[in-house]
Amino acid sequence: MIWVCVSDPFDVPRIAKEVIEQLTKKPSTATGLESLMKEFRESITDKKFLLVLDDVWTTDYSKWLLLEQVLKLGKIGSSVVVTTRNEKVAKMVGDTNKICVNKLTEEDCWLFLREIALSNRTEQVREDFDSIGRKIARKCNGLPLAVKTLGSFLRVKDIEDWHDMFTSEVWELKNVRQNISYIILE
């Protein structure tokens, strides 16, 4: 099993190197792109694997094709899971088994945030944070990743920091895509 956080930019050499290192359990010795891709092919060929490429944003098919050609060398039964919030990415990689994950309810957002951020606190402290926590959870707009990230950040913060987070300008960001898709390729 291999997990690579891709994000942006879609850096084929970095992705290949991470796959190699997770498969072989040792650092890659390749220096140039050609030797790296050769080592990538050798590490993947005839192995059965599950590869998760998390948070893919590129719609540049030529970059995807470089990876796909090598990944096809894996043993039958190997799978690649691509996570994205961009419908164009899903189409580019060939969304054969697309699963769209629904948003969390406001209550579920709060319960998730509370569990992450306040699990190490007393019940009284949890009650004190209830009002501001519910407001923050509502601003997460049902997105589990937003809740998880904020919960981890707020875990060591006091109630004033929570109020600062709630009133922060970070919430004013525009053009944030709301859908999260999971695509499985075989």
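FYI, it's all coordinate maths here, none of it is from the lab. Quantities reported herein were computed from a predicted structural model and do not represent experimental measurements. Please note: Cβ atoms are built from the backbone with ideal geometry, for glycine as well, and neighbour counts cover all protein chains shown.
Tabulated data for the structure shown
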read-out: Cut-off under 5 Å, modelled amide H: who pairs with residue 52 long-range; value: 2, 3, 4, 81
read-out: Cα lying deepest toward the dipole's positive end in the chain, options 9, 45, 92, charges on Cβ; value: 45
read-out: Identified option (computed Cα extents along the principal axes in Å; candidates [x] 57, 34, 30; [y] 71, 36, 28; [z] 61, 37, 27); value: [x]
read-out: Those aspartates and glutamates that a straight Cα-Cα span of less than 18 Å connects to residue 25, excepting residues fewer than 8 apart in one chain; value: 39, 42, 46
read-out: Loop-resident sites, the stretch 11-102, for trypsin sites (Lys or Arg not before Pro), counting at most 13 other Cβ within 10 Å (DSSP); value: 25, 47, 48, 72, 75
read-out: Set 38/98; 47/72; 63/91; 103/139; 26/48 screened for pairs whose C-alpha atoms are more than 21 Å apart; value: 38/98
read-out: Given charges at beta-carbon only (K, R positive; D, E negative), |dipole| of the stretch 106-172 in Debye; value: 200 debye
read-out: Of all DSSP beta bridges in the chain, antiparallel share, percent nearest 5; value: 55 percent
read-out: Rg to Rh quotient for the stretch 106-172, alpha carbon positions, Kirkwood Rh; value: 0.92
read-out: Of 22, 69, 124, the one that fluctuates the most in a GNM where the chain has Cα springs shorter than 10 Å; value: 124
read-out: The stretch 1-122 - charge dipole about Cα centre, Lys and Arg +1 at Cβ, Asp and Glu -1, debye rounded to 20; value: 340 debye
read-out: Sorted by Cβ density within 10 Å, fewest first, the residues 140, 5; value: 5, 140
read-out: Added length on full extension, which subtracts the Cα-Cα distance from 0.36 nm per residue, residue 35 to residue 65; value: 9.0 nm
read-out: Fully extended contour minus Cα-Cα distance, from residue 1 to residue 157, at 0.36 nm per residue; value: 52.7 nm
